[in-house]
1. Let me check against my output: what whole-number percent is the relative contact order of segment A:9-96, with C-alpha pairs under 8 Å and at least 6 apart?
2. Gain in length, residue B:35 to residue B:138, computed as 0.36 nm per residue apart minus the alpha-carbon separation, to one decimal in nm?
3. How big is the antiparallel share of DSSP beta bridges in the protein assembly as shown, given as a percent to the nearest 5?
4. Indicate the gyration tensor shape class of chain B (rounded, prolate or oblate), computed on the Cα atoms with a ≥ b ≥ c the square roots of the eigenvalues: a/c under 1.5 is rounded; otherwise a/b larger than b/c is prolate and the rest oblate.
5. Assuming 0.36 nm per residue, please report the length gained on full extension of the stretch residue B:8 to residue B:26 beyond their Cα-Cα distance.
6. When only C-alpha pairs under 8 Å and at least 6 residues apart count, what is the relative contact order of segment B:5-138, in percent?
7. Can you order the peptides B:41-50, A:13-22 by their average number of other Cβ atoms within 10 Å per residue, highest first?
8. Using only atoms on other chains, find how many Cβ atoms lie within 10 Å of each Cβ of peptide B:111-120 and report the average.
Amino acid sequence: MDDCREPDHTLAPSGRLDALTAPEFDRQICTLPDGATKVIAVDLTQVTYIASSGLRALLVAHRRQQQGGGRLVVRHPNPRVWAVMQLCGFDQILDVCPDTPTTND
Amino acid sequence: MTTAEYELCVASQLGKLAEISDFVGEAATRAGLDEGQVFEVQMATDEACTNSMEHAYEGREDGEVHVCCFIENNSFVVRITDFGKPFEPAEVPQPDITLPLEERSIGGLGLFLIYRLVDDVEFARDVGGGNQVTLRKHRSKEE
C-alpha cells in the first residue's frame, strides 16, 4: 500500500492521549518542518487510550497535512483505540497501516 | 436502598482524568460490568469530566469535580457534578460522522461519544448551582 511507504517523520506518543496530553502531541506535529514533510506517521503502539481530544489532534494534523500536499498515516492502534476510531468514523478516512513493523516490535 | 456508593472529589485539573478513570473502572468492575462495558463507562466519564474542566470551569484549576458511582434499577450509574458555568448540551453541534474528515466540525466529538458509549445520559443543573451529568449503563451481559 502506497501509504505505508517510509515516512519522513514518525511520532510515537505513549500512554493516554487525552485532554491533558493531546495539546503536547499537537505541538509536536506543529514543530515538524512545513512543506518538506510529505508523510507523517503517528505510531500508536504505546497509546493505551484515546479520548476525543486525541482524535481532534489527529483530525487537525490530517487536515494540515492535506493542505500542505502531504499525508498523515496512523499505525498500530491497539484494539480499544481502534474501536473508538471506528466508532467516530475515523477508520473510513485516516490511512491506517496496522501491519507495518516499528522499532518497538 | 443500601447499595454501595463510591464517591471521588478532585480538583478541576486535566491531570486528574487518569485518577477518575481508575476510580470509575474499579467501581464498575465491582458492580459486575464486563471488561468492554467498564471501558465504555470509563470513556464516557472521561469525556464528561473533560467537559466540566474545559467548559464549565473554562480551564480554571481551582474548581471541584465530584464523581459518584452507584447502582440503581440494575444500572451502573456515574453522576458527575461541577460548580462551574451552565453547560447547554443542545448548543453543542452534533458531528456528522458520515462526512469526510476534511468537512467535519472539530467540536462535539466528546458529546457524541458519551451518547454512544452509555445507555442513558441526563444533563441537569445541580441544586448547588453547577452542572450534573448522569450516565447509566445497564448491567446486562449481552448488548
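1. Numbers: 132 pairs, mean separation 29.4, N = 88.
Value for segment A:9-96: 33 percent.
2. Values: separation 103, 0.36 × 103 = 37.08 nm, distance 1.36 nm.
So the extension gain works out to 35.7 nm.
3. In the protein assembly as shown, approximately 65 percent of DSSP beta bridges are antiparallel ones.
4. Oblate, because a/c is 1.5 or more while a/b does not exceed b/c.
5. This chain segment gains 5.3 nm when fully extended.
6. Value for segment B:5-138: 27 percent.
7. With the highest mean Cβ count within 10 Å placed first, the list reads B:41-50, A:13-22.
8. 2
Every number in this text was worked out from the coordinates using simple rules, so none of it is lab data. Note that this is a predicted model, so its numbers are computed, not measured. Every residue, glycine as well, gets a Cβ built from its backbone with ideal geometry; the counts of neighbours run over all protein chains shown.
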